[in-house]
Amino acid sequence: MVVQVDVVVIGAGHNGMAAAGYLAKAGKKVVVVERLSKVGGMTSAGYMIPEAPEHLVTPCAVELLFARKSGIIEDFDLHKYGLRTVDPDPTYAYLHPDGSSIALFYDYRRTAEDIARINRNDGKAYLEFMKTLNVMMDIGFPMMMAEPGRPDLRNMSKAIKSAVRNVRLKDELVAMSKATADQIACERFEHPATIALLLGIAAGAGPIDDDGNAAAYMIFAVTHKYGTGKPIGSLQSFSDALARSIEASGASIELNAPVAEIIVDGGAAKGVRLDDGRIIRAKMVIATCDPKTAMRLTTPGGVSRTLLQRIEHAPSNRSNAAPFLANVAMSGPLRLKRHQDMRHDDADLNKAVGLIGTPEEVRRSFAMARRGDIPERHSMSLSPLSNTDPSQAPAGGSLAYIYLPGVAVDARDGWSPELKDRTMASVLSHLGEFYDGLDTEVGRFVETAREREKRLNVSNGCVTHIDFGALRSGLHRPAPGFGGPRPPFPGFLVGGAGAHPGGGVSGIAGRIAANRALRALKKTR
């Protein structure tokens, strides 16, 4: 069976669906093919714990942080299609071992006041830090939205105007764009608790000792201005709303449709062959899956060795550090112990993401991951999902989403079931110093990077497909020859987390790919 369309999109993650939606709105015949039985990819969720069938497991992302600014929610009218969100305030809270805490409120001034309770100098420093971060956001977000290698007067003029207005901060911005997250935190702040707050946030973007990682601090500015946005019903509800919207625009989605081959003939992509033998002919193929997976699917001999090797050697969790994730289902409530009682105000830390890990524990987690070792004390966060959205657990029960940003992809002696169990035992023991209720556990979902690789078909379980850094951004993401406005070879585009602007839930990569496809299709008329 052969079907002809204008564009075939590989992957029904949010970027794939966004690309298809923009193309459908432009009048193109487009189909999305997805190997799994539901849409969402890394923005999916499901009932994945047999012992706790009413607890909704989120195996990857939980927030719409960058989607609040990207336009994807408005462009696809997602609220019309069922998207609802909740924004706890404070959104995050660093939990110090002594029972004190620092709450990250919407209002950065209130956050500074909270920091000042612990260290007056750090409170003042946070206000100055936010001046820099707000400018970084005003410059950085338009650059994220702009298509690399193509003039974008609207977005670039925004960035340039902000840079001109804030020229006095030039040296600080340059220093931050080049520095490690650890360096910037220690330069600007004194108290271990304040430093730990910063490192705990930055660690979610990668190793805190990588040059350029300090750019992750823009997350603070975005959170203060737009909130994080947790969808009611998990990110699956966001993905489902997006699917309903693009189908209403004319796009079609094929589930349980793994791709066996990206057909390359005469040096150009011509469509895909599915595992079941069906062929979808297309003028353009957009791969929003992992770029390494996509290139391995191309017809043997169809793509130059140079392009294949550029992608094959692109870094994916090169440092051997990657997220280790668990969802723990409980029959009772989840509550903080000392930290809530020690608060001086009405802040409800039971709804905030709890950041756990001293500065040294954060540093050690990445250092040990590189060696393939697993620490006993962890750098991690706990999102009490059912405390902000009771629909994710049965009445009286609760659900904890536990995220360890820097754990070994490949453990020294391999990830045996026994090592997973020992790691979880140490995680829960550590968390038990902060939270009540974990002893009512009825089941868990735990996933290492290697298990994520297998489930989602993503190299090394890398949640950003390709590591992010100065040498893997803009035109050079995922590799030279792939990130510019021209397809790396005719009929083929990359449009997922491996493309500009990288990971995170925004849909920007999908939109850029759709615009590139539309221009290419005009030339083929």
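The values are calculated or read from the model by the stated rules, or taken from the named source; none is laboratory data. Since we're looking at a predicted model, the values are computed, not measured. Methodologically, a virtual Cβ is constructed for each residue, glycine included, from the backbone with ideal geometry; neighbour enumeration extends over all protein chains shown. Heads up: the accessible areas ignore ligands, DNA and RNA and are worked out on the full protein's heavy atoms, side chains in. Shrake-Rupley method; radii C 1.70, N 1.55, O 1.52, S 1.80 Å.
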If you take every DSSP beta bridge whose two residues both sit in the chain, what share of them, in percent to the nearest 5, is antiparallel?
-> 65 percent
If one computes the Cα centroid of region 330-369 and of region 1-48, what distance in Å separates the two points?
-> 37 Å
With a 1.4 Å probe and every protein chain kept in, tell me what percent of the accessible surface of region 334-468 is carbon plus sulfur.
-> 49 percent
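Let me know the charge dipole size of region 362-415 about its Cα centre in debye, to the nearest 20, where only the beta-carbon of Lys, Arg (+1) and Asp, Glu (-1) is charged.
On the way: 6 positive and 5 negative charges, 62 e Å.
The dipole of region 362-415 has a size of about 300 debye.
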Where Lys and Arg each count +1 and Asp and Glu each count -1, what net charge lies around Pro375 among other residues with Cβ under 14 Å from its Cβ?
-> +3
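Where the only charges are on Cβ atoms (+1 Lys, Arg; -1 Asp, Glu), what is the dipole of region 299-439 about its Cα centre, to the nearest 20 debye? Could the numbers behind the result be given before it?
Details: 16 positive and 17 negative charges, 127 e Å.
It works out to roughly 600 debye.
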With each label point set 7 Å from Cα along the Cα-Cβ vector, what nm distance links Arg244 and Arg117?
-> 4.1 nm
Area accessible to solvent at Lys69, 1.4 Å probe radius, in Å² | 90 Å²
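Report the rotationally averaged projected area of the chain based on its alpha-carbon convex hull, in square nanometres. Could the numbers behind the result be given before it?
On the way: hull surface 92.5 nm².
The orientation-averaged projected area of the Cα hull of the chain comes to 23.1 nm².
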With the 1.4 Å probe rolled over protein heavy atoms, the chain has an accessible area per residue in Å² of 39 Å²
Contact order normalised by residue count of the chain, Cα under 8 Å, 6+ apart, percent = 24 percent
Work out the FRET efficiency for Asp346 and Glu433 from their Cβ-Cβ distance, taking R0 = 22 Å, and round it to the nearest 0.05.
-> 0.35
If the label point is 7 Å along Cα→Cβ of Ile232, which residues in region 365-398 have backbone nitrogen under 12 Å from it?
-> 389-392
For region 168-226, evaluate the Debye formula with one uniform point scatterer on each Cα (no solvent term) and list log10 I(q)/I(0) at q = 0.18, 0.21, 0.24, 0.28 Å⁻¹, rounded to two decimals.
-> -0.58, -0.78, -0.98, -1.20
Whole-Hz Karplus ³J(HN,Hα) for region 480-490, in order, using 6.51 cos²θ - 1.76 cosθ + 1.60 and θ = phi - 60°, x for Gly and Pro?
-> x, x, 10, x, x, x, 8, x, x, 8, x
Length gained, Lys124-Ala395, 0.36 nm per residue minus C-alpha separation, equals 93.2 nm
Counting only the heavy atoms of the protein chains, how much of Glu128 is accessible to a 1.4 Å probe, in Å² to the nearest 10?
-> 90 Å²
Distance check, please: which entries in Lys230/Lys337; Lys80/Lys292; Lys28/Lys292 exceed 31 angstrom between their Cα atoms?
-> Lys80/Lys292
Each label point is 7 Å from the Cα along the Cα-to-Cβ direction; what then is the distance between the points at Arg109 and Ala367, in nm?
-> 4.1 nm
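Report the FRET efficiency, 1/(1 + (r/R0)^6), for Ala175 and Thr524, where r is their Cβ-Cβ distance and R0 is 35 Å, rounded to 0.05.
Values: r = 46 Å, r/R0 = 1.32.
So, using R0 = 35 Å, E works out to roughly 0.15.
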With θ set to phi - 60°, apply the Karplus curve 6.51 cos²θ - 1.76 cosθ + 1.60 along region 60-70 and write out the HN-Hα couplings as whole Hz, x wherever there is a Gly or Pro.
-> 9, 7, 10, 10, 10, 3, 7, 5, 5, 10, 6
Taking amide hydrogens as modeled 1.01 Å from N in the peptide plane, which residues meet the under 5 Å criterion relative to Thr298, leaving out close sequence neighbours?
-> Ile262
Check: the chain dipole with +1 on Lys, Arg Cβ and -1 on Asp, Glu Cβ, in debye | 2560 debye
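Measure off, as a whole percent, the carbon and sulfur share of the 1.4 Å-probe accessible area of region 475-525, all protein chains present.
56 percent
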Among Tyr401, Gln340, Thr228, the residue whose Cα sits farthest towards the positive end of the charge dipole of the chain, when +1 is placed on the Cβ of each Lys and Arg and -1 on the Cβ of each Asp and Glu, is Thr228
All lysines inside 25 Å of Lys170 as judged from Cα atoms, apart from same-chain residues fewer than 8 positions distant = Lys69, Lys124, Lys131, Lys158, Lys161, Lys178, Lys225
Carbon/sulfur accessible area of region 68-221, % of total, 1.4 Å probe, equals 53 percent
Using the Karplus curve 6.51 cos²θ - 1.76 cosθ + 1.60 with θ = phi - 60°, work out ³J(HN,Hα) for each residue of region 354-360 in order, rounded to whole Hz, and write x for Gly and Pro.
-> x, 9, 10, x, 5, x, 5
Which of the aspartates and glutamates could a cross-linker span from Lys351 if the Cα-Cα distance has to be under 12 Å and same-chain partners fewer than 8 positions apart are dropped?
-> Asp87, Asp89, Asp389
